[in-house]
Amino acid sequence: QVQLVESGGGLVHPGGSLRLSCAASGATVGIATMAWYRQRPGKERELVARISGGGATNYADSVKGRFTISNDKAKNTVYLQMNTLKTEDTAVYYCNAHWGGYYWGQGTQVTVSS
């Protein structure tokens, strides 16, 4: 019923920027709570950023000041703007929606390397 499709991952240099997109269907961005998680190699999945239906946001300490989560109701899409990327940001990034239950996208790989 809920489908989340991430895009925008890729290879970037340290200090660079990247914008991830999460296109949602079956859930309404601007009502549902949406979030980005990531899983770094050898580590468990962790919350990166979250945005409520009303637009309130919160971030992991490791990305505060560098990442910004936002939504576009017209496109029913959630974004994660990632600036000043570091090698430790390398991970698979997953979109999550709280819409009754919790739903996950397939993930998109972000690699930060020289």
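For the range 79-87, state whether one or more residues are more than 21 Å from SER17 (Cβ to Cβ), part of a loop (DSSP other than H, G, I, E, B) and of a type in the set (D, E, K, R). Show your work before the answer.
Going residue by residue through the range 79-87, those that are more than 21 Å from SER17 (Cβ to Cβ) are none.
Checked against the condition, which is being more than 21 Å from SER17 (Cβ to Cβ), part of a loop (DSSP other than H, G, I, E, B) and of a type in the set (D, E, K, R), the range 79-87 yields no hits at all.
When residues of the range 54-78 are filtered for being out of contact with any Gly (no Cβ under 6 Å at 6 or more places or on another chain), part of a loop (DSSP other than H, G, I, E, B) and not aliphatic (A, V, I, L, M), how many remain?
Count: 7.
Which of the numbered conditions does TYR79 fail, given that it passes all the others? Conditions: (1) within 15 Å of GLY107 (Cβ to Cβ); (2) buried (at least 16 other Cβ atoms within 10 Å of the Cβ).
It fails just one condition, (1).
Just give me the residues in the range 38-49 being closer than 16 Å to LYS64 by Cβ and of a type outside the set (Gly, Ala, Ser), in sequence order. Before the answer, list the steps.
Initial filter on the range 38-49 (closer than 16 Å to LYS64 by Cβ): 38, 46-49.
Listed by number, the residues that qualify are ARG38, GLU46, LEU47, VAL48.
Consider TYR102 against the criteria (1) of a type in the set (Ser, Thr, Tyr); (2) outside any loop (DSSP other than H, G, I, E, B); (3) touching a residue at least 12 places away in the same chain (Cβ under 8 Å): it satisfies all of them except one. Which criterion is unmet?
All conditions pass for TYR102, except number (3).
Can you pull out the residues in the range 10-26 that are open to solvent by less than 60 Å² (accessible area, probe 1.4 Å) and either of a type in the set (Gly, Ala, Ser) or modelled with pLDDT under 95 (or both)?
GLY10, GLY15, GLY16, SER21, ALA23, ALA24, SER25, GLY26
Checking THR90 against (1) open to solvent by less than 50 Å² (accessible area, probe 1.4 Å); (2) among the polar types (S, T, N, Q); (3) without any contact (Cβ under 8 Å) to a residue 40 or more places away in the chain: exactly one of these is not met. Which one?
The failed condition is (3).
Where the second residue is charged (D, E, K, R) and the first is modelled with pLDDT of 95 or more and lies in the range 27-42, which pairs have Cβ atoms under 6 Å and are six or more apart or on separate chains?
Note: pairs meeting the criteria are ALA35/ARG50; TYR37/ARG45; GLN39/ARG45.
Is one or more of the residues making up the range 97-105 more than 18 Å from LEU18 (Cβ to Cβ), in contact with a Phe, Trp or Tyr (Cβ under 8 Å, 6 or more places away or on another chain), surrounded by 14 or more Cβ atoms within 10 Å (Cβ to Cβ) and among the aliphatic types (A, V, I, L, M)?
Within the range 97-105, one or more residues are more than 18 Å from LEU18 (Cβ to Cβ), in contact with a Phe, Trp or Tyr (Cβ under 8 Å, 6 or more places away or on another chain), surrounded by 14 or more Cβ atoms within 10 Å (Cβ to Cβ) and among the aliphatic types (A, V, I, L, M).
Can you pull out every residue in the range 39-64 that is charged (D, E, K, R) and open to solvent by less than 60 Å² (accessible area, probe 1.4 Å)? Spell out how you get there, then give the answer.
Initially, the range 39-64 is screened for residues charged (D, E, K, R), giving 40, 43-46, 50, 61, 64.
If the condition is that a residue be charged (D, E, K, R) and open to solvent by less than 60 Å² (accessible area, probe 1.4 Å), then ARG40, GLU46 are the ones that fit.
The values are calculated or read from the model by the stated rules, or taken from the named source; none is laboratory data. From a predicted model like this one, the values you see are computed outputs, not experimental measurements. Methodologically, a virtual Cβ is constructed for each residue, glycine included, from the backbone with ideal geometry; neighbour enumeration extends over all protein chains shown. SASA here: full protein model, heavy atoms, side chains in, ligands and nucleic acids out. Shrake-Rupley method; radii C 1.70, N 1.55, O 1.52, S 1.80 Å.
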